[in-house]
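Trainee: So that we are looking at the same thing, I have put the structure below in structure tokens.
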Amino acid sequence: MDHLFTVDGRTATPISRTGLAAEGLLERQHLQEWVIAHPQVLGESVLVITAEYDRWADTDGVPARDRLDVLGLDATGRLVVVELKRGTADRDVHLQAITYTALVSRFDLDTLTQAHRGFLLRRGQALDIDACRQRLLDHVDGEWSPELLQRPRQVIIAADFPKQVTHSVVWLSEMGIDIDLVQVGLWRVEGSLVAGFTKVYPTPEVEEFTLTPARVEGEAAAKKLQERSRSRNAVHVLIGAGLLPDGTRLLMTPPEVSPPGPMTLPSHWSGTLTESPTPLPGSPTTSSRA
């Protein structure tokens with residue numbers, strides 16, 4: 001919990017904390033507008049594409065009733081799905097955010113362009129469709145990637161989060177799903193209201209000691225699978241080139257413990273022949289190792 005004070009020299013006076021509901025502030029009319037006006041609370045370099053998006057429909061063409069609070073686009077080319085709660089988040093708020101994330105993961109550039117144009121028109125900004133498309137393209141550093149659009153990140157903003165949400169979000173993050181929890185606080189200072197946004201998860205400590213090892217383990221597993229696939233492919237190449245006669249036996253050893261030998265093999269695979277393959281015409285003869 002944040003502790004704020006007004007200070008006068010050596011005197012520090014606590015500032016009374018309040019809440020959006022207590023001050024008569026609403027989710028859509030107030031909190032949502034703060035986020036749209038200051039998208040930096042969602043992360044670095046986020047462009048708001050749309051808000052209150054409800055243009056979903058099932059395969060029968062029946063409109064769905066879900067309404068996405070805010071949808072953004074960051075400079076890496078990933079979508080940012082934002083769920084807002086002015087009070088304590090519901091116990092299943094993360095499931096709601098995941099549902100929206102799954103829905104927008106199917107969006108393409110044309111869908112996003114249409115949504116952004118409609119959003120700007122509702123706010124009194126008239127841009128043609130080509131200008132809206134270019135605005136999205138210009139916001140992304142580098143090439144537009146449809147693959148990155150399929151992996152949105154999520155930001156849930158609320159006054160507080162129950163343990164069911166924080167526990168689930170930690171596990172989901174370790175499984176590779178990016179979810180930020182941002183706490184919105186409100187204080188009354190000398191007749192004025194002061195709002196603050198604090199990212200409570202992931203924290204730098206968690207990123208260093210929890211997320212990073214988990215991701216490193218995942219990367220190591222993926223690398224191991226890739227190396228196994230490459231080793232298998234290397235054998236196929238040798239067989240296809242006729243360098244390994246039928247019955248040739250191979251001894252596979254990890255690259256880091258590969259014994260020195262006269263044969264030069266790919267860095268991801270090394271092996272020794274127990275029988276000498278038939279040499280190519282004009283090639284030097286290499287003795288085999290038992």
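The values are calculated or read from the model by the stated rules, or taken from the named source; none is laboratory data. Predicted model, so just to flag it, every value in this text is computed and none were measured. Every residue, glycine among them, receives a Cβ derived from its backbone with ideal geometry; neighbour counts consider all protein chains shown. These accessible areas exclude ligands, DNA and RNA; they are computed on the full protein's heavy atoms, side chains included. Shrake-Rupley method; radii C 1.70, N 1.55, O 1.52, S 1.80 Å.
Trainee: Being under 30 Å from H3 (Cα atoms) and of a type in the set (V, I, T) is the filter here, so list the residues in the stretch 143-188 that pass it.
Mentor: Residues satisfying the conditions are V155, I156, I157, V165, T166, V169, V170, I179, V182, V184.
Trainee: Tell me which residues, restricted to the stretch 70-81, are small (G, A, S) and either open to solvent by less than 10 Å² (accessible area, probe 1.4 Å) or in a helix (DSSP H, G or I) (or both).
Mentor: Once the filter is applied, which keeps residues that are small (G, A, S) and either open to solvent by less than 10 Å² (accessible area, probe 1.4 Å) or in a helix (DSSP H, G or I) (or both), the stretch 70-81 yields G72, G77.
Trainee: Just to be sure before I move on: is I179 β-branched (V, I, T) and within 17 Å of the chain's Cα centre (by Cα) in the structure I sent?
Mentor: Taking the combined requirement at face value, the residue satisfies it.
Trainee: Would you mention how many residues in the stretch 173-186 are surrounded by fewer than 18 Cβ atoms within 10 Å (Cβ to Cβ) and at pLDDT 95 or above?
Mentor: 0
Residues are listed down the side, and each one gets a yes or a no for (1) surrounded by 14 or more Cβ atoms within 10 Å (Cβ to Cβ); (2) closer than 26 Å to Q183 by Cβ; (3) modelled with pLDDT under 95; (4) in contact with a Phe, Trp or Tyr (Cβ under 9 Å, 6 or more places away or on another chain):
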residue	(1), (2), (3), (4)
E83	yes, yes, no, yes
H116	yes, no, no, no
L127	yes, no, yes, no
D130	no, no, no, no
R133	yes, no, no, no
L137	no, no, no, yes
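Trainee: In the stretch 115-126, how many residues are part of a helix (DSSP H, G or I) and without any contact (Cβ under 8 Å) to a residue 40 or more places away in the chain?
Mentor: Residues that pass the stated criteria total 4.
Trainee: Sticking with this one: Could you pull out the residue among L26, L47 that is at pLDDT 95 or above and open to solvent by less than 40 Å² (accessible area, probe 1.4 Å)?
Mentor: L47
Trainee: Identify the residue in the stretch 94-114 that is of a type outside the set (K, R) and not in a helix (DSSP H, G or I) and, among all such residues, is most open to solvent (accessible area, probe 1.4 Å).
Mentor: D108
Trainee: Would you confirm, using the coordinates I've provided, whether I157 is open to solvent by less than 60 Å² (accessible area, probe 1.4 Å), within 19 Å of G72 (Cβ to Cβ), in contact with a Pro (Cβ under 9 Å, 6 or more places away or on another chain) and not charged (D, E, K, R)?
Mentor: For I157, the condition - open to solvent by less than 60 Å² (accessible area, probe 1.4 Å), within 19 Å of G72 (Cβ to Cβ), in contact with a Pro (Cβ under 9 Å, 6 or more places away or on another chain) and not charged (D, E, K, R) - is not met.
Trainee: Would you check if T88 is open to solvent by 50 Å² or more (accessible area, probe 1.4 Å), closer than 20 Å to Q32 by Cβ and in contact (Cβ under 8 Å) with a residue 24 or more places away in the chain?
Mentor: Yes, satisfied.
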